[in-house]
Amino acid sequence: MKSDQIAELFEKFEGIRYDHGGVECWSARELQVILGYSKWDNFAKVIEKAKKSCEAAGEVVSDHFADIGKMIGLGKGGERNIDDIALTRYACYLIAQNGDSSKPTIGFAQTYFAVQTRKQEIIEQRLLEVARVTAREKLTQSEKKLSGIIYERGVDEQSFAVIRSKGDQALFGGINTQAMKQKLNVPANRPLADFLPTLTLKAKDFATELTSHNVVEKDLKGDQQISKEHVDNNLEVRKILLKRGIKPEQIPPAEDVKKLQRKLDNEEKSVLKNVKKKK
(Lines give C-alpha, C1' and ligand atoms only; values in the text may rest on other atoms or scores of the structure.)
Protein backbone atom coordinates (compact mmCIF):
# COMPACT_ATOMS: atom_id res chain seq x y z
CA MET A 1 0.00 0.00 0.00
CA LYS A 2 1.41 3.38 -1.06
CA SER A 3 1.97 6.22 1.40
CA ASP A 4 -0.74 8.39 -0.17
CA GLN A 5 -3.24 5.52 0.18
CA ILE A 6 -2.25 5.04 3.81
CA ALA A 7 -2.69 8.75 4.51
CA GLU A 8 -6.10 8.72 2.82
CA LEU A 9 -7.32 5.73 4.84
CA PHE A 10 -5.97 7.22 8.04
CA GLU A 11 -7.94 10.42 7.42
CA LYS A 12 -11.07 8.40 6.65
CA PHE A 13 -10.88 6.43 9.90
CA GLU A 14 -10.18 9.59 11.87
CA GLY A 15 -12.92 11.46 10.03
CA ILE A 16 -15.75 9.12 11.04
CA ARG A 17 -14.70 8.93 14.68
CA TYR A 18 -17.19 10.59 17.03
CA ASP A 19 -18.22 10.87 20.67
CA HIS A 20 -21.03 8.58 21.88
CA GLY A 21 -21.90 9.20 25.52
CA GLY A 22 -18.36 10.26 26.32
CA VAL A 23 -16.83 7.24 24.56
CA GLU A 24 -14.79 7.37 21.35
CA CYS A 25 -16.81 5.48 18.71
CA TRP A 26 -17.20 4.68 15.01
CA SER A 27 -20.44 4.10 13.09
CA ALA A 28 -20.73 0.55 11.78
CA ARG A 29 -22.53 1.83 8.67
CA GLU A 30 -19.72 4.27 7.87
CA LEU A 31 -17.02 1.73 8.72
CA GLN A 32 -18.69 -0.74 6.36
CA VAL A 33 -18.13 1.60 3.42
CA ILE A 34 -14.48 2.32 4.25
CA LEU A 35 -13.68 -1.37 4.70
CA GLY A 36 -15.09 -2.14 1.26
CA TYR A 37 -18.24 -4.08 2.12
CA SER A 38 -20.95 -3.18 -0.40
CA LYS A 39 -23.72 -5.06 1.40
CA TRP A 40 -24.71 -4.52 5.04
CA ASP A 41 -25.73 -8.18 5.45
CA ASN A 42 -22.17 -9.31 4.67
CA PHE A 43 -20.68 -6.79 7.05
CA ALA A 44 -23.20 -7.73 9.75
CA LYS A 45 -21.84 -11.29 9.65
CA VAL A 46 -18.35 -9.96 10.38
CA ILE A 47 -19.76 -7.93 13.27
CA GLU A 48 -21.37 -11.06 14.73
CA LYS A 49 -18.01 -12.87 14.60
CA ALA A 50 -16.40 -9.87 16.31
CA LYS A 51 -19.04 -9.97 19.05
CA LYS A 52 -18.26 -13.63 19.71
CA SER A 53 -14.56 -12.77 19.97
CA CYS A 54 -15.43 -9.99 22.38
CA GLU A 55 -17.47 -12.34 24.55
CA ALA A 56 -14.73 -15.00 24.46
CA ALA A 57 -12.27 -12.38 25.74
CA GLY A 58 -14.45 -11.87 28.81
CA GLU A 59 -15.72 -8.44 27.77
CA VAL A 60 -19.34 -7.24 27.97
CA VAL A 61 -20.45 -7.12 24.33
CA SER A 62 -22.91 -4.26 24.87
CA ASP A 63 -20.08 -2.11 26.24
CA HIS A 64 -18.40 -2.20 22.82
CA PHE A 65 -21.29 -2.76 20.37
CA ALA A 66 -24.17 -0.37 21.10
CA ASP A 67 -27.26 -0.65 18.90
CA ILE A 68 -28.40 2.78 17.67
CA GLY A 69 -30.46 4.27 14.86
CA LYS A 70 -29.11 6.33 11.97
CA MET A 71 -31.02 8.70 9.67
CA ILE A 72 -30.19 8.48 5.96
CA GLY A 73 -31.34 10.79 3.22
CA LEU A 74 -33.90 9.72 0.62
CA GLY A 75 -35.03 11.30 -2.60
CA LYS A 76 -36.95 14.61 -2.53
CA GLY A 77 -35.53 15.55 0.90
CA GLY A 78 -36.99 12.60 2.78
CA GLU A 79 -35.20 10.60 5.51
CA ARG A 80 -35.37 7.05 6.82
CA ASN A 81 -34.11 5.52 10.05
CA ILE A 82 -31.89 2.45 9.69
CA ASP A 83 -30.18 0.22 12.24
CA ASP A 84 -26.61 1.13 13.14
CA ILE A 85 -24.07 0.17 15.79
CA ALA A 86 -21.79 2.49 17.77
CA LEU A 87 -18.45 0.67 17.88
CA THR A 88 -15.68 1.30 20.38
CA ARG A 89 -12.07 1.21 19.22
CA TYR A 90 -11.79 -2.31 20.63
CA ALA A 91 -14.88 -3.39 18.69
CA CYS A 92 -13.41 -1.97 15.47
CA TYR A 93 -10.20 -3.88 16.13
CA LEU A 94 -12.14 -7.14 16.53
CA ILE A 95 -14.09 -6.46 13.34
CA ALA A 96 -10.84 -5.90 11.46
CA GLN A 97 -9.46 -9.16 12.90
CA ASN A 98 -12.54 -11.05 11.70
CA GLY A 99 -12.82 -9.31 8.33
CA ASP A 100 -11.79 -10.40 4.84
CA SER A 101 -7.99 -10.26 5.02
CA SER A 102 -7.78 -10.12 1.21
CA LYS A 103 -9.11 -6.56 1.34
CA PRO A 104 -6.24 -4.01 1.65
CA THR A 105 -8.45 -1.82 3.81
CA ILE A 106 -8.88 -4.65 6.32
CA GLY A 107 -5.12 -5.04 6.62
CA PHE A 108 -4.75 -1.33 7.27
CA ALA A 109 -7.62 -1.37 9.80
CA GLN A 110 -6.02 -4.24 11.70
CA THR A 111 -2.85 -2.23 12.14
CA TYR A 112 -4.60 1.09 12.76
CA PHE A 113 -6.87 -0.17 15.52
CA ALA A 114 -4.25 -2.51 17.00
CA VAL A 115 -1.80 0.36 17.46
CA GLN A 116 -4.43 2.64 18.95
CA THR A 117 -5.70 -0.11 21.25
CA ARG A 118 -2.14 -0.75 22.40
CA LYS A 119 -1.82 2.94 23.27
CA GLN A 120 -4.90 2.62 25.45
CA GLU A 121 -3.44 -0.46 27.14
CA ILE A 122 -0.23 1.45 27.85
CA ILE A 123 -2.21 4.30 29.43
CA GLU A 124 -4.23 1.88 31.56
CA GLN A 125 -1.07 0.10 32.68
CA ARG A 126 0.57 3.37 33.66
CA LEU A 127 -2.49 4.36 35.69
CA LEU A 128 -2.24 1.05 37.56
CA GLU A 129 1.45 1.68 38.22
CA VAL A 130 0.76 5.19 39.50
CA ALA A 131 -2.00 3.82 41.75
CA ARG A 132 0.41 1.33 43.30
CA VAL A 133 3.12 3.92 43.93
CA THR A 134 0.49 6.20 45.46
CA ALA A 135 -0.81 3.37 47.68
CA ARG A 136 2.73 2.71 48.92
CA GLU A 137 3.26 6.38 49.73
CA LYS A 138 -0.09 6.50 51.53
CA LEU A 139 0.86 3.49 53.68
CA THR A 140 4.14 5.20 54.62
CA GLN A 141 2.24 8.30 55.70
CA SER A 142 -0.27 6.26 57.71
CA GLU A 143 2.49 4.39 59.52
CA LYS A 144 4.29 7.65 60.34
CA LYS A 145 1.04 9.05 61.67
CA LEU A 146 0.48 5.98 63.85
CA SER A 147 4.04 6.02 65.15
CA GLY A 148 3.66 9.67 66.14
CA ILE A 149 0.46 8.91 68.03
CA ILE A 150 1.71 5.88 69.92
CA TYR A 151 5.13 7.31 70.82
CA GLU A 152 3.23 9.74 73.01
CA ARG A 153 1.54 6.76 74.67
CA GLY A 154 4.55 4.84 75.90
CA VAL A 155 5.53 2.89 72.77
CA ASP A 156 9.12 3.21 71.50
CA GLU A 157 10.48 2.54 68.02
CA GLN A 158 11.42 -1.07 68.73
CA SER A 159 7.97 -1.84 70.15
CA PHE A 160 6.34 -0.19 67.16
CA ALA A 161 8.22 -2.58 64.84
CA VAL A 162 6.91 -5.51 66.87
CA ILE A 163 3.34 -4.14 66.71
CA ARG A 164 3.57 -3.78 62.93
CA SER A 165 4.87 -7.32 62.60
CA LYS A 166 1.99 -8.67 64.71
CA GLY A 167 -0.40 -6.75 62.48
CA ASP A 168 1.15 -8.39 59.41
CA GLN A 169 0.85 -11.79 61.05
CA ALA A 170 -2.87 -11.19 61.61
CA LEU A 171 -3.41 -9.94 58.06
CA PHE A 172 -1.45 -12.77 56.42
CA GLY A 173 -3.11 -15.64 58.26
CA GLY A 174 -0.43 -16.33 60.86
CA ILE A 175 2.60 -15.61 58.67
CA ASN A 176 4.80 -12.90 60.20
CA THR A 177 6.64 -10.17 58.31
CA GLN A 178 9.94 -12.03 58.02
CA ALA A 179 8.27 -15.20 56.78
CA MET A 180 6.27 -13.22 54.21
CA LYS A 181 9.49 -11.62 52.97
CA GLN A 182 10.99 -15.05 52.46
CA LYS A 183 7.80 -16.30 50.79
CA LEU A 184 7.84 -13.39 48.32
CA ASN A 185 11.66 -13.37 47.89
CA VAL A 186 11.96 -9.84 49.26
CA PRO A 187 15.58 -8.76 49.89
CA ALA A 188 16.45 -8.85 53.61
CA ASN A 189 17.29 -5.14 53.71
CA ARG A 190 14.03 -4.00 52.05
CA PRO A 191 10.55 -3.43 53.55
CA LEU A 192 7.92 -6.05 52.73
CA ALA A 193 5.53 -3.31 51.61
CA ASP A 194 7.82 -2.33 48.71
CA PHE A 195 6.90 -5.61 47.00
CA LEU A 196 3.22 -5.88 47.89
CA PRO A 197 0.49 -5.38 45.25
CA THR A 198 -1.87 -2.41 45.44
CA LEU A 199 -4.72 -4.35 47.07
CA THR A 200 -2.54 -5.56 49.95
CA LEU A 201 -1.01 -2.11 50.42
CA LYS A 202 -4.47 -0.60 50.74
CA ALA A 203 -5.52 -3.35 53.15
CA LYS A 204 -2.53 -2.62 55.40
CA ASP A 205 -3.18 1.11 55.11
CA PHE A 206 -6.83 0.72 56.13
CA ALA A 207 -5.92 -1.36 59.18
CA THR A 208 -3.25 1.19 60.17
CA GLU A 209 -5.68 4.09 59.86
CA LEU A 210 -8.21 2.20 62.00
CA THR A 211 -5.56 1.71 64.67
CA SER A 212 -4.61 5.39 64.67
CA HIS A 213 -8.24 6.38 65.01
CA ASN A 214 -9.08 3.92 67.79
CA VAL A 215 -5.94 4.56 69.81
CA VAL A 216 -7.09 8.15 70.19
CA GLU A 217 -10.82 7.44 70.50
CA LYS A 218 -10.36 4.68 73.09
CA ASP A 219 -7.43 6.46 74.75
CA LEU A 220 -5.26 3.36 74.52
CA LYS A 221 -1.80 3.32 76.11
CA GLY A 222 1.20 0.99 76.19
CA ASP A 223 2.41 -1.89 74.03
CA GLN A 224 -0.21 -4.41 75.07
CA GLN A 225 -3.35 -2.35 74.44
CA ILE A 226 -2.14 -0.82 71.18
CA SER A 227 -0.77 -4.12 69.87
CA LYS A 228 -4.12 -5.85 70.51
CA GLU A 229 -5.96 -3.04 68.74
CA HIS A 230 -3.70 -3.26 65.68
CA VAL A 231 -4.00 -7.05 65.52
CA ASP A 232 -7.80 -6.87 65.82
CA ASN A 233 -8.00 -4.33 63.00
CA ASN A 234 -5.84 -6.44 60.71
CA LEU A 235 -7.95 -9.49 61.52
CA GLU A 236 -11.11 -7.59 60.58
CA VAL A 237 -9.59 -6.43 57.29
CA ARG A 238 -8.54 -10.01 56.59
CA LYS A 239 -12.14 -11.18 57.18
CA ILE A 240 -13.36 -8.71 54.57
CA LEU A 241 -10.83 -10.03 52.05
CA LEU A 242 -11.65 -13.65 52.82
CA LYS A 243 -15.35 -13.00 52.25
CA ARG A 244 -14.41 -11.87 48.74
CA GLY A 245 -12.33 -15.00 48.19
CA ILE A 246 -8.99 -13.25 48.66
CA LYS A 247 -6.16 -14.57 50.81
CA PRO A 248 -3.55 -11.77 50.98
CA GLU A 249 -0.70 -14.20 51.70
CA GLN A 250 -1.40 -15.97 48.39
CA ILE A 251 -1.29 -12.87 46.17
CA PRO A 252 1.92 -12.88 44.09
CA PRO A 253 4.51 -10.16 44.77
CA ALA A 254 4.61 -7.04 42.62
CA GLU A 255 7.51 -5.23 41.02
CA ASP A 256 9.86 -3.36 43.35
CA VAL A 257 7.97 -0.12 44.00
CA LYS A 258 11.20 1.92 44.04
CA LYS A 259 12.09 0.60 40.60
CA LEU A 260 8.56 1.43 39.46
CA GLN A 261 8.86 4.95 40.86
CA ARG A 262 12.13 5.51 38.97
CA LYS A 263 10.48 4.29 35.78
CA LEU A 264 7.56 6.70 36.19
CA ASP A 265 9.93 9.57 37.03
CA ASN A 266 12.01 8.89 33.90
CA GLU A 267 8.88 8.75 31.74
CA GLU A 268 7.74 12.08 33.15
CA LYS A 269 11.14 13.66 32.46
CA SER A 270 11.03 12.32 28.90
CA VAL A 271 7.57 13.78 28.33
CA LEU A 272 8.66 17.16 29.68
CA LYS A 273 11.69 17.19 27.36
CA ASN A 274 9.49 16.44 24.35
CA VAL A 275 7.05 19.18 25.33
CA LYS A 276 9.88 21.70 25.60
CA LYS A 277 11.24 20.69 22.17
CA LYS A 278 7.85 21.35 20.57
CA LYS A 279 7.62 24.87 21.98
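The values are calculated or read from the model by the stated rules, or taken from the named source; none is laboratory data. It should be emphasised that the depicted structure is a prediction, and the values quoted were computed from it without experimental measurement. Methodologically, a virtual Cβ is constructed for each residue, glycine included, from the backbone with ideal geometry; neighbour enumeration extends over all protein chains shown.
The helices (runs of 4 or more DSSP H) located wholly in region 53-170 that include 3 or more residues which are at pLDDT below 90 and small (Gly, Ala, Ser) occupy 104-151. Residues in region 242-271 that are part of a helix (DSSP H, G or I), surrounded by fewer than 17 Cβ atoms within 10 Å (Cβ to Cβ) and of a type in the set (A, V, I, L, M, F, W, C): 242, 264, 271. Taken over region 213-241, the criterion of being part of a loop (DSSP other than H, G, I, E, B) and not basic (Lys, Arg) is satisfied by 219, 220. Taken together, the residues in region 186-210 that are more than 13 Å from residue 166 (Cα to Cα) and part of a helix (DSSP H, G or I) amount to 14. Taking first residues from region 159-171 that are acidic (Asp, Glu) and partners that are outside any helix (DSSP H, G or I) and surrounded by 19 or more Cβ atoms within 10 Å (Cβ to Cβ), no Cβ contact under 8 Å between residues at least 6 apart in sequence or on separate chains turns up. Cβ-Cβ contacts under 8 Å between residues 6 or more apart (or on different chains), taken from a first residue in region 246-269 that is touching a residue at least 40 places away in the same chain (Cβ under 8 Å) to a second residue that is loosely packed, with under 11 Cβ neighbours inside 10 Å and not in a helix (DSSP H, G or I), are listed as 253/185.
Any idea how many residues of region 144-164 are of a type in the set (Gly, Ala, Ser) and loosely packed, with under 15 Cβ neighbours inside 10 Å?
To start, the set of residues in region 144-164 that are of a type in the set (Gly, Ala, Ser) comprises 147-148, 154, 159, 161.
The next check asks that each one be loosely packed, with under 15 Cβ neighbours inside 10 Å; those that pass are 148, 154, 161.
So the count comes out to 3.
Among the listed residues 179, 203, 193, 131, identify the single one that is assigned by TED's automatic domain parsing to the domain that holds residue 220 and free of Cβ contacts under 8 Å to residues at least 40 places away in the same chain. Show your work before the answer.
Values: 203 fails: free of Cβ contacts under 8 Å to residues at least 40 places away in the same chain; 193 fails: free of Cβ contacts under 8 Å to residues at least 40 places away in the same chain; 131 fails: free of Cβ contacts under 8 Å to residues at least 40 places away in the same chain.
Criteria check complete, one pass: 179.
Residue-level analysis places residue 46 outside the set of residues that are in contact with a helix residue (DSSP H, G or I) (Cβ under 6 Å, 6 or more places away or on another chain), farther than 17 Å from residue 110 by Cβ and not small (Gly, Ala, Ser).
Pull up region 5-26, narrow it to residues that are in a helix (DSSP H, G or I) and of a type in the set (Phe, Trp, Tyr), then point me to the one that is surrounded by the fewest Cβ atoms within 10 Å (Cβ to Cβ). My answer is 10.
Okay, residues lined up against (1) under 28 Å from the mean Cα position of the chain (by Cα); (2) of a type in the set (Gly, Ala, Ser); (3) surrounded by fewer than 14 Cβ atoms within 10 Å (Cβ to Cβ):
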| site | (1), (2), (3) |
| --- | --- |
| 142 | yes, yes, no |
| 166 | no, no, no |
| 202 | yes, no, no |
| 206 | yes, no, no |
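Scanning region 245-274 for residues that are farther than 24 Å from residue 181 by Cβ and at pLDDT 95 or above gives a single hit, 245.
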